[in-house]
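The values are calculated or read from the model by the stated rules, or taken from the named source; none is laboratory data. Model, not experiment: these values are computed from the prediction. All Cβ positions, glycine included, derive from the backbone under ideal geometry; neighbour counts span all protein chains shown.
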């Protein structure tokens with residue numbers, strides 16, 4: 001992961017310095033703070049994420065950012081245990097999502113409040129000490145045996161590359177001397193592929209169905225998401 005971060009930084013600096021020769025009087029550094037929902041398109045719930053970025057205003061149209069983002073992770077899988085009196089058999093996974101990446105944005109020449117661009121980065125998912133949690137609707141205790149057998153539930157520890165499309169809308173901008181303050185909304189559609197990880201187990205085990213007919217549980221294979229954030233940028 002360290003090599004990936006260094007590579008992203010090197011590309012960003014190269015892009016910044018290449019553009020600086022074109023418009024040195026426009027160049028500047030900014031710090032950005034953002035907060036908003038991370039809407040996961042798959043196995044996990046929507047959670048609120050936080051972002052911190054260092055921006056380099058290459059010229060009037062181009063901005064390069066090195067950024068990090070964090071958010072909690074929560075997912076759940078439930079099935080019906082029909083042995084005797086039916087009840088719901090559930091597993092809950094809790095963890096943390098961390099993103100390190102680079103973003104390159106370009107201001108549209110006609111609509112200057114709108115920037116479009118792309119993101120590249122590395123995503124890490126890690127479970128918490130209390131994960132997974134087993135919860136049964138009848139008050140009994142469950143275990144990994146109910147989700148494929150002993151040892152069938154994987155820990156949430158996965159890393160994947162991120163590619164994303166990003167949009168920024170500037171809502172408010174103010175200048176005072178050499179300091180510029182800008183409030184905007186960032187949106188990104190991100191694609192993150194992960195190695196197959198069976199965080200919810202492999203099979204609905206505790207049912208009356210024959211072994212060959214028991215329902216399999218899919219592995220987590222991605223963390224594709226849509227991120228929406230209100231962001232404040234202070235430029236110098």
- Task: Would you be able to say whether some residue in region 209-226 is exposed (fewer than 14 other Cβ atoms within 10 Å of the Cβ), assigned to a strand (DSSP E or B), modelled with pLDDT under 95 and out of contact with any strand residue (DSSP E or B) (no Cβ under 9 Å at 6 or more places or on another chain)?
- Result: no
- Would you say residue 169 is exposed (fewer than 14 other Cβ atoms within 10 Å of the Cβ) and part of a strand (DSSP E or B)? yes
- Looking only at region 131-153, count how many residues are touching a helix residue (DSSP H, G or I) at 6+ places or on another chain (Cβ under 9 Å) and surrounded by 11 or more Cβ atoms within 10 Å (Cβ to Cβ). 5
- Note on the structure: The condition of being under 30 Å from residue 117 (Cα atoms), out of contact with any helix residue (DSSP H, G or I) (no Cβ under 9 Å at 6 or more places or on another chain), at pLDDT 95 or above and not in a loop (DSSP other than H, G, I, E, B) holds, among 163, 175, 182, only for 163
- Query: Is there a residue being within 20 Å of the chain's Cα centre (by Cα) and closer than 19 Å to residue 69 by Cβ anywhere in region 194-217?
  - Reply: yes
- Message: List pairs: first residue in region 136-164 and without any contact (Cβ under 8 Å) to a residue 24 or more places away in the chain, second residue surrounded by 17 or more Cβ atoms within 10 Å (Cβ to Cβ) and part of a strand (DSSP E or B) anywhere in the structure, Cβ distance under 7 angstrom, at least six positions apart or on different chains.
- Response: 141/134; 143/134
